[in-house]
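To keep things clear, I will list the structure first and then write my remarks on it.
Throughout, read-outs are computed from the coordinates displayed, never taken from laboratory work. A quick note: this is a predicted structure, and the numbers were derived from the prediction, not measured. Here the Cβ positions follow ideal geometry from the backbone for every residue, glycine too, while neighbour counts run over all protein chains shown.
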Amino acid sequence: MASADGPLAIGPISAAELQQLFVLFSAVVAAREGYPHAPPLTWSQFEETWVRPVSVVVVARIGGVLAGAYYLKPNSPGRGAHIANAGYLVAAAYRRRGLGRLLVADSVERAPLAGFDAVQFNLVFASNPARRLYEELGWREIGRVPEAVAGEDAVIYWRRVGPGSPPLPETAGQAVARSAAPTGRG
Ligand SMILES: CC(C)(COP(=O)(O)OP(=O)(O)OC[C@H]1O[C@@H](n2cnc3c(N)ncnc32)[C@H](O)[C@@H]1OP(=O)(O)O)[C@@H](O)C(=O)NCCC(=O)NCCS
């Protein structure tokens, strides 16, 4: 992705970037955007979402600055662990430039490498604009949770990934390839 702020690199998070991710996620929680956490976010709550039960955390850096991230982790233990749960965020200053699309597409490609054959979202607020993105990239609504958070319904989304799964739209795939080619991953 071309950016006036510097080259884009997408890859696994480093230990040194955890504090920056805490700051990004705290801002998302404080704005009550997309996640059910109640502000102010504590370090322990941050770890519960982004560190302890997590299989993979991938970040997007623009000019070396942490601009976005996602996690993949088992949605359930044991026999249900082949289905991942994922969470995405992009720092407010970097939104609406296609970075979210890149990260979601990257997770579709990376989830099977981490052993998952599907990715499920359990609690997408009905009003979240990210729903358009998820549907564009192959997720389908499989249920609703009435009055899930602050009286608002939430949507459950599911998508198969890996062999036999719907391909990403050409534009999303190209975007991932472009980001990987000139700048490298991780
Ligand atoms: C959701 C989020 C990751 C999207 O990041 P982003 O980099 O702005 O997304 P993109 O620029 O790649 O947008 C991709 C598509 O998503 C949809 N979209 C994203 N933000 C939108 C908005 N504010 N209004 C309308 N559509 C939006 C559009 O369909 C967009 O495609 P388009 O630009 O071709 O119209 C970001 O807004 C965010 O971090 N939000 C707070 C946390 C959150 O809600 N995470 C998801 C939890 S389920």
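Can you tell me how the chain classifies by the Cα gyration tensor, rounded, prolate or oblate, using a/c under 1.5 as the rounded cut? Rounded, since a/c falls under 1.5. Taking Cβ atoms as reference points and 14 Å as the exclusive limit, the residues near Ala111 contribute a net charge of +1, counting Lys and Arg as +1 and Asp and Glu as -1. Other residues whose C-beta falls under 14 angstrom from the C-beta of Pro36 contribute a net charge of -4, scoring Lys and Arg +1 and Asp and Glu -1.
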